[in-house]
Amino acid sequence: MRAEVGHFYRHKKTGGIYCVLHMATIEADKMPAIVYRSEKHDTIWVRPEAEFCDGRFEKVTDFREVWPEK
């Protein structure tokens, strides 16, 4: 999997939904990173791209999971 800016992903372990905001570089080792936002808590997270794309997250294809009808 390759993360895409503006797309939504579900964390398989927690079920949390996240939106990828930016691609970044970790200053210490110059490794690519993903900047993403929790849709539930509106918190910002950064994770190495290799971790984000290693199967911990899956792309959301049904947007009712992101914005459920009320």
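The values are calculated or read from the model by the stated rules, or taken from the named source; none is laboratory data. Quantities reported herein were computed from a predicted structural model and do not represent experimental measurements. When we count neighbours, we look across all protein chains shown, and the Cβ atoms used for this are built from the backbone with ideal geometry, even at glycine. We work out accessible area using only protein heavy atoms, side chains counted, and drop any ligands, DNA or RNA first. Shrake-Rupley method; radii C 1.70, N 1.55, O 1.52, S 1.80 Å.
Not counting ligands, DNA or RNA, and with a 1.4 Å probe, what is C53's accessible surface area in Å² rounded to the nearest 10?
Counting only protein heavy atoms, C53 exposes about 30 Å² to solvent.
Leaving ligands and nucleic acids out of the surface, order V20, V5 by accessible area at 1.4 Å, largest first. Intermediate results must be reported in sequence, preceding the final value.
Numbers: V20 0, V5 80 Å².
Solvent-accessible surface, decreasing: V5, V20.
Each label point is 7 Å from the Cα along the Cα-to-Cβ direction; what then is the distance between the points at T25 and E58, in nm?
3.4 nm
Can you pull the one-decimal nm distance between simple spin-label points at E4 and D42, each 7 Å off the Cα toward Cβ?
About 2.7 nm separates the two model spin labels.
Could you state how much accessible area I26 has, in square angstrom rounded to the nearest 10, with a 1.4 Å probe and all protein chains kept in place?
Solvent-accessible area, nearest 10 Å²: 50 Å².
At a probe radius of 1.4 Å, what is the per-residue accessible area of F63, in Å² to the nearest 10?
Around 100 Å² of this residue is reachable by solvent.
Return the Cα extents of the chain along principal axes one, two and three, sorted largest first, each rounded to a whole Å.
44, 22, 19
Starting from the range 1-46, pick out the trypsin sites (Lys or Arg not before Pro) whose DSSP state is loop and whose Cβ has at most 12 other Cβ atoms within 10 Å. Let's see the in-between values first.
Working: sites: R2, R10, K12, K13, K30, R37, K40; in loops: R2, K12, K13, K30, K40.
Counting only loop positions with at most 12 other Cβ atoms within 10 Å, the trypsin sites (Lys or Arg not before Pro) in the range 1-46 are R2, K12, K13, K30, K40.
When only DSSP loop residues count, what GluC sites (Glu not before Pro) in the chain have their Cβ near at most 13 other Cβ atoms within 10 Å? Could you put the intermediate results ahead of the total?
On the way: sites: E4, E27, E39, E49, E51, E58, E65, E69; in loops: E4, E27, E39, E65, E69.
Counting only loop positions with at most 13 other Cβ atoms within 10 Å, the GluC sites (Glu not before Pro) in the chain are E4, E27, E65, E69.
Using a 1.4 angstrom probe with every protein chain in place, what is the largest-first accessible-area order of D62, D54, D42?
Values: D62 50, D54 80, D42 110 Å².
Of D62, D54, D42, the descending order of accessible area is D42, D54, D62.
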